[in-house]
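The structure appears right after this line, and notes come after that.
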Amino acid sequence: MLLAYKAINKDGAVVTGTAQATDRDELIRSLRSQNLRPVTITATRSVKSGSASFWSLSVKSNKDGNPNGKVNQQDLVIFTRQLSTMISAGVPIVRSLSALQGDSESPALRAALASITKDVESGKPMADAMAKYPRIFNDVYVNMVRAGEAGGIVDDILKRLAIQVELDASTRKKIKSAMMYPMVIMIVTVIAFFGIMLFVMPKLTGVLQSLAGPDHPLPIYTRVLMGFSHWCVDASIIRHIPLLSAVPILNKLPNLLLLAAIAGVGVWYGLKYIKTPRGKYQFHALLLRLPIVKTVILKLAVARFARTFASLMGSGVGVLDALSVTGGAIGNKVIEEELAHAAEEVKAGKPLSDPISKSQHFPPIVSQMLLVGEETGQIDTVLVKIADFYEEEVAVMVDGLAAIIEPVVIVILGAAVGLIAASVMGPIANGASNISATS
């Protein structure tokens, strides 16, 4: 097959070209024999048949994409690892970005890298250039890169980012996999429930009441269900809104559909509000109040704080600068503000372990280990151990949650289905028994 390659020679210059080889491994061996270090290898169309090879099927056309579009997590991991490798090899950042721009399979990432390369060429920090594309590079990614630029350890930070993106993607994949089956059941159950409320229950109301008779009142849960069904099909809400009630079509709109439309608009505005600084802070504060979510977020925050802060301290970055950059890399505005207050106390002459010990979110072990690190002058070594411990804790906890989500949701949905069935079938069975007893 014909393979296109991009490699780095002994002088650090990027060399591109094509070569005929039976597979990728053969080409890699050939390039290394020429003192070339391969960076990327992609397949082109076969010389003999002209048909697309297996490798080229995954390569997208090199058209300009939307820089504001989302990028697949795997594409982001590959880009991060490749950029780290090239910077570690001494390739300038601008040249590395330019080379990876043409190699990326994601149109959105290619378009974003073209703009980022121009910004870096003009003297702007890479983190600031990446911050213009929040749908591709989130706050944590940007602030981690900023931490690397501040400490001169961009390659090390990018390696850690690649691992972190893979970990986040793996965590989301596990949760999605565990939730897929319960979510399908939930959607079907909700549709069936409201279908019964809108179309079936109104027709059964008279039947159920006649079967029960005056001496046998319906069960309370059946009466609640019937009342809710009547409210869903009624248009009482519209009648109390003067502007809307004047419109004939809206005047007949059921309460349920109106509330669904209002809820949709509310969710849309809520998502927009969360993107604002105030909304993001309040949303992060809410997450830290949710029982299970709070634990996962705090463990992740401690791991990110420990590893990033340790890397910066090990590179000679001052404590105040390290705290400032690390706060933005944690990914939670509440904890970021807490670290900002800690920086103020450190600036006043207190050791970092003192404000951390008073924190509402950092566990006591962090302040204790920090105190040991301050006394021994090995803060970076101590924090790396903390990061390893909490990253393992997060992995174990996510695996446990993924294992229990599915059965818990299924039990809840089963109880809801059972309640609906009992509300409808119970009175029918009782009515039938009453009729047979009187006859």
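Only the coordinates and a few stated rules stand behind these numbers; no lab work does. This one's a predicted model, so the numbers in the text were calculated from it and none came from an experiment. Using ideal geometry, Cβ is built from the backbone for each residue, glycine included, and neighbour counts are taken over all protein chains shown.
With a Förster radius of 60 Å applied to the beta-carbon distance between Phe389 and Ser210, the computed FRET efficiency rounds to 0.35.
Placing a label point 7 Å from the Cα of Leu167 along the Cα-to-Cβ line, no residue of segment 272-290 has its backbone N under 14 Å from it.
Cross-link partners for Lys6 among the lysines, with Cα-Cα distance under 25 Å and sequence neighbours closer than 8 places in the same chain left out: Lys48, Lys60, Lys63, Lys118, Lys159. Extending 7 Å from the Cα toward the beta-carbon at both Leu290 and Glu345 defines two label points whose distance is 2.9 nm. Put in line by how crowded their Cβ is, counting other Cβ atoms within 10 Å and starting with the fewest, Ser367, Ser104 read Ser367, Ser104. Counting charges near Gln360 (Lys, Arg +1; Asp, Glu -1) among other residues having Cβ under 12 Å from its Cβ returns a value of +1. Placing a pseudo-label 7 Å from each Cα along the Cα-to-Cβ vector at Ile187 and Val233 gives an inter-label distance of 2.8 nm.
Got a sec? How would His361, His230, His341 order by Cβ neighbour count within 10 Å, fewest to most? The partial results should precede the final answer.
Values: His361 18, His230 15, His341 12.
So the ranking, lowest neighbour count to highest, is His341, His230, His361.
Using C-alpha pairs below 8 Å separated by at least 6 residues, the relative contact order for segment 114-166 is 23 percent. Checked against a 22 Å cut-off, the cross-linked pairs Lys299/Lys385; Lys173/Lys272; Lys294/Lys333; Lys299/Lys358; Lys70/Lys280 give Cα-Cα distances beyond that limit for Lys173/Lys272.
Counting 0.36 nm for each residue step from Asp128 to Thr18 and taking away their Cα separation leaves a gain of 36.1 nm. Near Val372: Cβ cut-off under 15 Å, other residues only, Lys/Arg at +1 and Asp/Glu at -1. The net charge is -3.
This ranking places Tyr269, Tyr221 by how few other beta-carbon atoms lie within 10 Å of each, fewest first, which gives Tyr269, Tyr221. Per residue, the average separation of C-alpha pairs within less than 8 Å and at least 6 apart gives segment 264-396 a relative contact order of 27 percent.
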